[in-house]
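Visitor: Sending over a structure as structure tokens; questions will come in a sec.
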Amino acid sequence: MNDPFFSGKTAVITGAGGTLCSAIARHLAAQGTRVALLGRTPASLEQVAADIRSAGGTALTVACDVTDPASVERARAAVVAEFGVPWFLINGAGGNQTEAITTSVQFDPAEIADDKPAGLRGFFNLDPEKVDDVIRTNTLGTIIPSQVFGRDMAAQHRGSILTFGSMTSYRPITRVPAYATAKTGMVSFTAWLAAYLAPAGIRVNGVAPGFFVNDRSRKILMNPDGSLSTRGQNVIHHTPLRRFGEAEELLGTVTWLLHDDQAKFVTGIMVPVDGGFLACPGV
Ligand SMILES: NC(=O)c1ccc[n+]([C@@H]2O[C@H](COP(=O)([O-])OP(=O)(O)OC[C@H]3O[C@@H](n4cnc5c(N)ncnc54)[C@H](OP(=O)(O)O)[C@@H]3O)[C@@H](O)[C@H]2O)c1
């Protein structure tokens, strides 16, 4: 169902080549929103843009590293020149990386032994640079675009910013210390920025997806033969709806939060879309 509110407005979507934000981009474009697709890999952005254009939508791709202020400023110039000042900023760029994930769920004495097994990566073996990469991508990677695009939106006194949390925003999920640190920070930043930007006419809200399979999480949640890994089974056991989410299942929440009429009095919240994961201790 097309909603005229979204028609003719501009959305900047970071991480638009990824699993969740490519679906958000396609959906907004189908409502008539002009979508600027930002990410580091032009080929994945182009693929999303091609889908959108072949469905009659309008899309621009801009290669951009959201952790680099100069790169985001260049993206801003390209977007404003082509589409004008955005109405929506969707901060989807984020994620984790293997080297910042421990292989064990709890301390293992072998991780501090002189003859530590090569495949073991405990907390004491994490490379602080990898930890920093993950924290930067998931925190500064939202803060910088919010400054760069938010400034123009504030000057026009309208618009909406979306952030991304995670289930680990609420209670730390095992093995992901850097990602947990960053995504917990996103709950706080979302509320902080909402309070700060209220006088600028900008609402700021977030979505906290439960477990949606993407290229990276597939390797953790599933075995090579497609069956569930032990971790995947644990997730399903703690998810009352007993399955992973589909990207399309975020769209209702995202469009509600972005919508200035439907969510006019809603700002500073993070909405879980999780199949009940947060409601279920699993025992
Ligand atoms: N999938 C889930 O189950 C899940 C659950 C909770 C939260 N989330 C969050 O939801 C958001 C989207 O997740 P997703 O599943 O769609 O992940 P995804 O498929 O890995 O997409 C993330 C996108 O972010 C881009 N990106 C990463 N670092 C970037 C950087 N420095 N500059 C610009 N772009 C960058 C990546 O593209 P390039 O590498 O080409 O730049 C990638 O296309 C993320 O914030 C993620 O943490 C996802």
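Visitor: Springs between alpha-carbon pairs under 10 angstrom, Gaussian network model over the chain: which of ASN91, ASN205, ASN234 fluctuates most?
Guide: Comparing ASN91, ASN205, ASN234 in the GNM, the peak value goes to ASN234.
Visitor: Right, next: If amide hydrogens are placed 1.01 Å from N in the peptide plane, which non-local residues have theirs closer than 5 Å to the one on VAL273?
Guide: Amide H neighbours of VAL273, under 5 Å, 5+ apart: ALA208, GLY210.
Visitor: Check which residues have an amide H placed less than 5 Å from MET222's amide H, if you skip close sequence neighbours.
Guide: SER229
Visitor: ASP225: net charge of surrounding residues, Cβ under 14 Å, Lys/Arg +1, Asp/Glu -1, itself excluded? Present the calculation step by step, with values, prior to reporting the outcome.
Guide: Details: positive: ARG218, LYS219; negative: none.
Around ASP225, the charge tally is +2.
Visitor: Another one. What is region 128-230's relative contact order, in percent, from Cα pairs under 8 angstrom and six or more apart in sequence?
Guide: Rounded, it is 30 percent for region 128-230.
Visitor: Let me ask something additional. Restricting to the chain, what percent of DSSP beta bridges are antiparallel, rounded to 5? Numbers along the way, then the final one.
Guide: Numbers: 1 of 28 bridges.
In the chain, approximately 5 percent of DSSP beta bridges are antiparallel ones.
Visitor: Report relative contact order for the chain in percent, whole number only (criteria: Cα-Cα under 8 Å, sequence separation at least 6).
Guide: Values: 543 pairs, mean separation 46.1, N = 283.
That works out to 16 percent.
Visitor: Quick one: which residues, 5+ away or cross-chain, put their amide H under 5 Å from the amide H of LEU60? H built at 1.01 Å from N.
Guide: Here the answer is VAL35, ALA36, LEU37, since their amide H atoms fall under 5 Å of that of LEU60.
Visitor: Same structure again: By count of other Cβ within 10 Å, fewest leading, how are LYS219, LYS264, LYS130 ordered? The partial results should precede the final answer.
Guide: Numbers: LYS219 12, LYS264 9, LYS130 16.
Starting with the residue having the fewest Cβ neighbours, the order is LYS264, LYS219, LYS130.
Visitor: May I pose another question? So what are the three principal axis dimensions of the chain from its Cα atoms, in whole Å, longest to shortest?
Guide: That gives 59, 40, 38 Å along the principal axes, largest extent first.
Visitor: Treating the angle as unsigned and between 0 and 90°, give the value, to the nearest 10°, between the Cα long axis of helix 19-30 and the longest Cα principal axis of the chain.
Guide: Taking the Cα atoms of the chain, the angle to 19-30 is about 20 degrees.
Visitor: Taking the alpha-carbon distance from LYS9 and a cut-off under 21 Å, which lysines remain once sequence neighbours fewer than 8 residues away in the same chain are dropped?
Guide: Hits, sequence-local ones excluded: LYS264.
Visitor: So which lysines pass the test for LYS116, namely a Cα distance under 27 Å, with those fewer than 8 places away in the same chain ruled out?
Guide: LYS130, LYS219
Visitor: A further question follows. Taking a ≥ b ≥ c as the square roots of the eigenvalues of the Cα gyration tensor of region 81-182, is the shape rounded (a/c under 1.5), prolate (a/b larger than b/c) or oblate?
Guide: On the way: a/c = 4.45, a/b = 3.07, b/c = 1.45.
Prolate.
Visitor: Which angle between 0 and 90 degrees, to the nearest 10, do you get for helix 42-54 versus the longest principal axis of the chain when only C-alpha atoms count?
Guide: 50
Visitor: Output the direction-averaged projected area (hull surface divided by four) of the convex hull of the alpha-carbon atoms of region 26-109, in nm². Could the numbers behind the result be given before it?
Guide: Numbers: hull surface 31.1 nm².
Averaged projected area of region 26-109's Cα convex hull equals 7.8 nm².
Visitor: How big is the convex hull of the Cα atoms of region 148-283, per residue, in Å³?
Guide: Numbers: hull volume 16.6 nm³, N = 136.
In region 148-283, the Cα hull volume divided by residue count equals 122 Å³.
Visitor: Report the local net charge at GLY201: Lys and Arg +1, Asp and Glu -1, summed over other residues whose C-beta lies under 12 Å from its C-beta. Spell out each step's value before the answer.
Guide: Values: positive: ARG158, ARG203, LYS264; negative: ASP260.
Counting the neighbours of GLY201, the net charge comes to +2.
Visitor: Just to confirm the number: angle between the C-alpha axis of helix 69-83 and the first principal axis of the chain, 0 to 90 degrees, nearest 10?
Guide: Approximately 40 degrees, to the nearest ten.
Where a number appears in this text, it was derived from the coordinates with a stated rule and is not lab data. If you're wondering where the values come from, they're calculated on a predicted model, not measured in any experiment. Note that each Cβ is placed from the backbone with ideal geometry, even for glycine, and that neighbours are counted across all protein chains shown.
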